[in-house]
Amino acid sequence: MDNNIAVSMRHITKAFGTKVVANKDVSMDIHRGEILALLGENGSGKTTLMNMLSGIYHQDSGQIFVDGQEVHITSPKDAYDLGIGMIHQHFKLVDVFTATENVALGMDKSAAKNNKEIAKGITEICEKYGFDVDPKKKVYNMTVSQKQTLEIVKTLYRGADILILDEPTAVLTPQETDKLFAVLRNMKADGKSIIIITHKLHEVLAISDRVSILRKGEYIGTVETKDATVQSLTEMMVGQKVELDIERPETENKELRLTISHLSCLDKYGVKALDDVSLEAYGGEILGIAGISGSGQKQLLEAIAGLQAAEDGGSIVYIDPETGKKEELIGKSVTQIKKMGVALSFVPEDRLGMGLVGSMGMTDNMMLRSYKKGHSIFADRKAPRELALKVKEELEVVTPGIQTPVRKLSGGNVQKVLVGREIAAEPTVLMAAYAVRGLDINTSYTIYHLLNEEKKKGTAVIYVGEDLDVLLALCDRIAVLCDGKLNGVVDGRTATKEEVGELMTNLKEKEATA
């Protein structure tokens, strides 16, 4: 076997039940001292394949070789013993512990030395690769970027030479992404093997050495990044030519739909998450909301939807498109807002926590939107079933059937169900938080098209996104939040990614008034 190959996976197959084959006869190699990007549409088996390498799942058939020797990985501990570690999208950290204490967690007593020695080891790793971690800092005081850095340091401290990162830039600013990539290049130069699961093709081209593609659970091939383009990678993922231009129709006859004035909200800990925000949203436009995760985006959308209490002095006024009548939304429940005739569709950040019921199938989750409309004691299942079938077909939801509990679907397919249901409600205000998070590029462009169709109908679309390239290509205006404050509103057609990134991280001082 080639001495440059760190991991070789041969004929790997993994199925869940009798209907869902996540990986089918996959064979691929991971080289030493390289950054390998793993691409594929939702449900293509990327995360499942890496979960087998990291010990979360075990293959039904096939072999895994590490440094030329066949290994049997049955747990994350087995993987760590082989020098393999995975950094997941959702961090495995204890908020009330320090960085040092989190690194010590899960280590056996012989490895878990005293905190002083662990802190010294953390500092040495940071100096070697360019990380920035304070060993004494508690996790709840860290930014998202710092938490991710700690996860990587924790994995390196335990001796990993092969690191798997699942959507590592999902909630990072452009500046934080550049910093992460610089660290990954340092790790690669030190001989580490790094696998990145991502949907951001421009980042794949910027950071990786090779790209491996999966489609519907099967291995399609591996290409050298220097020979690839966004278009060629997309066609390999999808199996056909895909148009990648995001449409942005010119806004005609904009009508004021929402006026937000001096809005302030507290988070669940009683800390001010939204601070004196004033903003307008128009029918016939897409208003983007940019900001580092936790800058108040969630509270802004939930306050409009009636799900978040606002502090005294704030106002959210809705202007009816038919009558022009103005209605104050603050102080009203979700049900009262609906009874006023205000049509708000809300795609929340927490898909299963707020948007869908995981134990229900697609039909029952569609019914959640309309069950109060009936006058019979018996629920009408025909219309929700038709909608479920329509969403499944148009958004290509990968599921054994529309009655399968949505918690059994991949994250991307759960998102498709939620977005499809909300858009089908024909709202006058459509609010979407991270509507394409975890979606492959083909489905993402389908969602962008649906949002533009709503815009053409005169809907006021408020879109919270994390990909600045998409925000700048899709949105008419972009409001930037920083530490809960509105730090500026820019024109999507003329603003630059650097300008928006600067507004996301550096809070402007309010101009002195005469």
Rounded tilt (10° steps) of 441-456 against the dominant C-alpha axis of the chain: 10 degrees
The stretch 5-238, relative contact order in percent, only Cα pairs under 8 angstrom and at least six apart counted: 28 percent
Alpha-carbon centroids, the stretch 57-81 and the stretch 405-450: separation in whole Å: 35 Å
Nitroxide proxy distance, nm - points 7 Å out along Cα→Cβ at Lys128 and Thr222: 2.5 nm
Reach of Lys128 by Cα under 20 Å, taken over aspartates and glutamates that are not fewer than 8 positions away in the same chain: Glu34, Glu117, Glu151, Asp161, Glu176, Asp178, Asp190
Long pairs among Lys19/Lys216; Lys416/Lys497; Lys272/Lys456; Lys192/Lys226, criterion Cα-Cα beyond 25 Å: Lys416/Lys497; Lys272/Lys456
Gain upon complete extension [Glu386, Gln89; 0.36 nm per residue less C-alpha separation]: 103.6 nm
Within the chain, percent of DSSP bridges classed antiparallel, to nearest 5: 55 percent
Burial ranking of peptide ranges 163-170, 140-147 (average Cβ count within 10 Å, highest at the top): 163-170, 140-147
Out-of-range pairs (alpha-carbon distance over 28 Å; input Lys268/Lys326; Lys14/Lys77; Lys24/Lys179; Lys254/Lys339): Lys268/Lys326; Lys24/Lys179
Helix axis angle, 144-157 relative to the chain longest principal axis, alpha carbon, degrees: 10 degrees
Label of the coordinate-derived value, P(r) over Cα pairs in 10 Å bins from 0, in percent, listed as (1) 4, 18, 27, 22, 14, 9, 4, 2, 0, 0; (2) 4, 18, 30, 29, 15, 4, 1, 0; (3) 4, 17, 27, 26, 17, 7, 1, 0: (3)
Amide H contacts under 5 Å for Thr404, placed H, 5+ residues apart: Met362
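Every read-out reported here was derived from the displayed coordinates using simple, explicitly stated rules and does not represent laboratory data. Keep in mind the model is a prediction, meaning the values are calculated, not measured. Using ideal geometry, Cβ is built from the backbone for each residue, glycine included, and neighbour counts are taken over all protein chains shown.
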